[in-house]
Structure formats: structure tokens, C-alpha cells
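The values are calculated or read from the model by the stated rules, or taken from the named source; none is laboratory data. Note that the structure is a prediction, hence the values are computed from the model and not measured. Virtual Cβ from ideal backbone geometry, glycine too; neighbours counted across all protein chains shown.
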Amino acid sequence: MTAERPEVLFLCVHNAGRSQMAAALMERYGAGRVVVSSAGSEPADSLNPAVVEALAEVGLDITGRQPRRLTDEAARRADVVVTMGCGDACPVFPGKRYLDWTLPDPAGAGIDEVRPIRDEIDRLVRELVDELVS
């Protein structure tokens, strides 16, 4: 990491579920020590309502967020790129650290199915924050 504050980019296909959860949780646990962004290779029109509800249950409000398209600039800027199911649609840039988190896609899932995904993302994000800011 060359930056004073490492930058983490979370990527998934629709930027409506997994990457949004990861970004919100990283903002919480990073507490300003990590620059956070998220994007999707094929962004949805809106956030997954079950994801919004699952994060609200743990005190995070993402209702004002919108899915965003991945740009080359965002990928180049990041120190760590965390992919979550975007496959070949995610660009690879030399010198970046890539992590691939294998997580179920919450698209079309109800709150009971989204909670375990949220909890696994929470665990992974905590581990990454501990590593980046220790």
C-alpha cells in the first residue's frame, strides 16, 4: 500500500447487494482509516430491498445509495480490489491486490437468506480492516 489510507474497491455484478454491504461495513469498521468504494460490472437500477433491510438491522442505512458502474479509474485508484462474483467482467490491473470472496448472490433472496450473507461479509470485512490498519 502506497497510500496513507488504503483504498478498497468492492465489486459484484449488480452493485446492489454484496458489494454495497461490504462497502457499508468497511466504512463502519474502517472508521475513516480506509477509503471505500463499490461498483458493479452490470449495475442494477436500485438496491436490493432485502440487503437494505439486513443492513438496517445492524444499524446501517444505505437507502440513499445507488448502484454504480465500474470504471477503469476506480480500479486503478484502489490498492485492494475485492471481487464477489463478477467473473471476467472485472478488469485486472498490475500491481493491485485482488481478493475473491465467494459469496451467494442475494438477488431475489428474502431477508432470511440475506442475513447469513451479510454476516459472512461482516466477518471478512473485519479481517481485512484488521490487516489493513494494524
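Kindly indicate which of Leu60, Leu25, Leu47, Leu11 is assigned to a helix (DSSP H, G or I), of a type outside the set (Val, Ile, Thr) and either at pLDDT 95 or above or surrounded by 18 or more Cβ atoms within 10 Å (Cβ to Cβ) (or both).
Leu25
Considering only residues that are touching a strand residue (DSSP E or B) at 6+ places or on another chain (Cβ under 9 Å) and either crowded, with 19+ Cβ neighbours inside 10 Å or under 20 Å from Asp119 (Cα atoms) (or both), which ones fall in segment 63-74?
Pro67, Leu70
Specify the residue that is nearest to Leu60 (Cα to Cα); the eligible residues are those in segment 118-134 that are over 15 Å from the mean Cα position of the chain (by Cα) and modelled with pLDDT of 95 or more.
Only one residue fits best here, namely Asp130.
Among the candidates Glu113, Glu120, single out the residue that is surrounded by 13 or more Cβ atoms within 10 Å (Cβ to Cβ) and out of contact with any helix residue (DSSP H, G or I) (no Cβ under 9 Å at 6 or more places or on another chain). Let's see the steps before the verdict.
Numbers: Glu113 fails: out of contact with any helix residue (DSSP H, G or I) (no Cβ under 9 Å at 6 or more places or on another chain).
After ruling out the rest, the residue left standing is Glu120.
Determine which single condition Asp45 fails, assuming it passes every other condition in (1) charged (D, E, K, R); (2) out of contact with any helix residue (DSSP H, G or I) (no Cβ under 9 Å at 6 or more places or on another chain); (3) within 17 Å of Thr102 (Cα to Cα).
(3)
Cβ-Cβ distance below 7 Å, separation of 6 or more or different chains: which pairs start in segment 100-114 with a residue that is at negative phi and end on one that is assigned to a strand (DSSP E or B)?
Every condition considered, the pairs that remain are Asp100/Thr83; Trp101/Val82.
Quick check on my filter: what residues within segment 28-44 are touching a residue at least 40 places away in the same chain (Cβ under 8 Å) and surrounded by 24 or more Cβ atoms within 10 Å (Cβ to Cβ)?
Gly40
For segment 81-96, check the following and say yes or no: at least one residue is touching a residue at least 60 places away in the same chain (Cβ under 8 Å), closer than 16 Å to Val13 by Cβ, small (Gly, Ala, Ser) and crowded, with 19+ Cβ neighbours inside 10 Å.
yes
Which of the numbered conditions does Ala54 fail, given that it passes all the others? Conditions: (1) assigned to a helix (DSSP H, G or I); (2) under 14 Å from the mean Cα position of the chain (by Cα); (3) among the hydrophobic types (A, V, I, L, M, F, W, C).
(2)
Restricted to segment 86-117, and to residues that are more than 13 Å from the chain's Cα centre (by Cα), aliphatic (A, V, I, L, M) and part of a helix (DSSP H, G or I), which residue is modelled with the lowest pLDDT?
Step by step, filter segment 86-117, then rank; the result is Ala89.
Taking into account only those residues within segment 28-44 that are charged (D, E, K, R) and in a loop (DSSP other than H, G, I, E, B), which is modelled with the highest pLDDT?
Arg33
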